[in-house]
């Protein structure tokens, strides 16, 4: 269908004013013929007469109204067909609405940006240690700075290794002004972001290219309790260092390594869980072996168990053991 043209509008208006228009004058405006706005003069084929606007409009609307009526009829029929299935899908729909799969870095960042833009009270984040790229640092600042400016509280958990990561220290320094708090803990499993007890984000794949957006209240409450558990056992980034040796000559980080060694983890797995490279992990294992007087890996595990350095991790007698 030919679209309405500005020249056609001008010529149709002129024809309405004078009652007719020369056929040669309307050749540059084919839309007049397409819209049937003119009809031939029965006495002189060189002239055309305008069709009254009310009639012209009705002629154009009638097919559309018939099409709309037909579409509505089809919609009613489709609704009747699917009505029996709607009740069956209610439970699954409720679940799918509360868990959204986000694929690709662009979509993940868009969802995070939207959630943080709507955040009004507090944002909780868990960030396992890795090297932050300059772009990641800029993106984080762009996302978090407006939160600070409008009074949103931010609490972030890093691993102890973040204390020796210049990029993460610089990031924390730029945002730490009372509303942003940063702590470290020996071991973190995965990333977590929670906004206003309303929405949470967790990774769904190791390459960080798939994430889950969670909005189920029960899941949010559980993740907040998990965050608070870790937060209470963490150390403020601004005080102390977990690499300082205690009275027994063993640092906090070496204590964490000892616990994982006894559990049977290999060096690579320990390094990954504690956010350090394998070479650094092995250096700490060597210092731990030296502190305990171990001459071999097998003997180290035995000496750790005999030394009692892991007793502080055991739950108190009579403690609450249920969840």
Counting only residues in the range 145-174 that are more than 26 Å from residue 218 (Cα to Cα), assigned to a helix (DSSP H, G or I) and touching a strand residue (DSSP E or B) at 6+ places or on another chain (Cβ under 7 Å), the one modelled with the highest pLDDT is identified as 148
Is there a residue in the range 188-195 that is out of contact with any helix residue (DSSP H, G or I) (no Cβ under 6 Å at 6 or more places or on another chain), assigned by TED's automatic domain parsing to the domain that holds residue 109, modelled with pLDDT under 85 and buried (at least 19 other Cβ atoms within 10 Å of the Cβ)?
-> yes
Report, by residue number, each residue of the range 248-296 that is in contact with a strand residue (DSSP E or B) (Cβ under 9 Å, 6 or more places away or on another chain) and assigned to a loop (DSSP other than H, G, I, E, B).
-> 275, 276
Residue check: is residue 2 modelled with pLDDT of 80 or more and not in a helix (DSSP H, G or I)?
-> no
Does residue 92 qualify as being modelled with pLDDT under 85, outside any strand (DSSP E or B) and surrounded by 10 or more Cβ atoms within 10 Å (Cβ to Cβ)?
-> no
When the range 95-140 is examined, which residues are found to be within 20 Å of residue 175 (Cβ to Cβ), part of a helix (DSSP H, G or I) and modelled with pLDDT of 70 or more?
-> 109, 112, 113, 115, 116, 117, 118
Please specify each residue of the range 26-40 satisfying the condition of being surrounded by 14 or more Cβ atoms within 10 Å (Cβ to Cβ) and more than 16 Å from residue 55 (Cα to Cα).
-> 26, 29, 31
Does the range 199-213 hold any residues that are assigned to a loop (DSSP other than H, G, I, E, B) and free of Cβ contacts under 8 Å to residues at least 40 places away in the same chain, and which are they?
-> 205, 206, 207
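The values are calculated or read from the model by the stated rules, or taken from the named source; none is laboratory data. Predicted, not measured: the structure shown is a model, and the values here were computed from it. No Cβ is skipped: glycine too gets one built from the backbone with ideal geometry, and neighbour counts run over all protein chains shown.
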